[in-house]
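Just so it is clear, none of the values below were taken in a lab; they were calculated from the coordinates. Fair warning: this is a prediction, and the values are worked out from it, not measured in the lab. Cβ sites come from the backbone with ideal geometry, for glycine too, and all protein chains shown count toward neighbours.
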Amino acid sequence: MFGDMQGMMAKLKEAQAKIEETKKRLDTVLVNSESGNGAVKMTMTANRTVKSIEISDEVLEDTEVLEDYLILAFNKALEKANSINEFEMAKAAKDGMPNIPGLDMFK
């Protein structure tokens, strides 16, 4: 019905390996963001792990402003990381998927 089932299973295992490789590689892809004209800077991996946060002395006195800047910087970094992660994972999955007629999930 679907042709070579062993071939398809091998292809699926290959796809899983590609996805795992991509996950590891995304740990090394860094995205940067900032808020408050550089008062808060954040670095995050494409796998959404925060690597560093820099806070300038000028905002340390105002907790409310600092919190706002942290939230903005985090959300910007998270948005960038999500975008990269989703693109790379979809690409890895598509490249590794067997060609099953009528099942084109990743156009």
Q) Among rounded, prolate and oblate, which fits region 32-97 when a ≥ b ≥ c are the square roots of the eigenvalues of its C-alpha gyration tensor, a/c under 1.5 means rounded, and a/b larger than b/c means prolate? A) prolate
Q. With charges only on Cβ, +1 for K and R and -1 for D and E, what is the dipole size of the chain about its Cα centre, in debye, rounded to 20?
A. 940
Q | Mean residue ellipticity (222 nm) of the chain, computed from DSSP H runs ≥ 4 via -39,500 (n - 2.57), nearest 500 | A | -19000 deg cm²/dmol
Q.
Using only Cα atoms and rounding to the nearest 10 degrees, what angle (0 to 90) does helix 5-26 make with the longest principal axis of the chain?
A. 10
Q | Residue pairs, from the table Lys13/Lys80; Lys23/Lys94; Lys51/Lys80; Lys18/Lys76, whose Cα atoms sit over 25 Å apart | A | Lys13/Lys80; Lys18/Lys76
**Q.** Between 0 and 90°, nearest 10: helix 63-96 axis offset from the chain longest Cα axis
**A.** 10
Q. Farthest toward the dipole's positive end in the chain, which of Ser83, Met5, Ala46, given Cβ charges of +1 (Lys, Arg) and -1 (Asp, Glu) about the Cα centre?
A. Met5
(Q) Contact order normalised by length for the chain, with contacts defined as Cα pairs under 8 Å and 6 or more residues apart; what percent is it? (A) 32
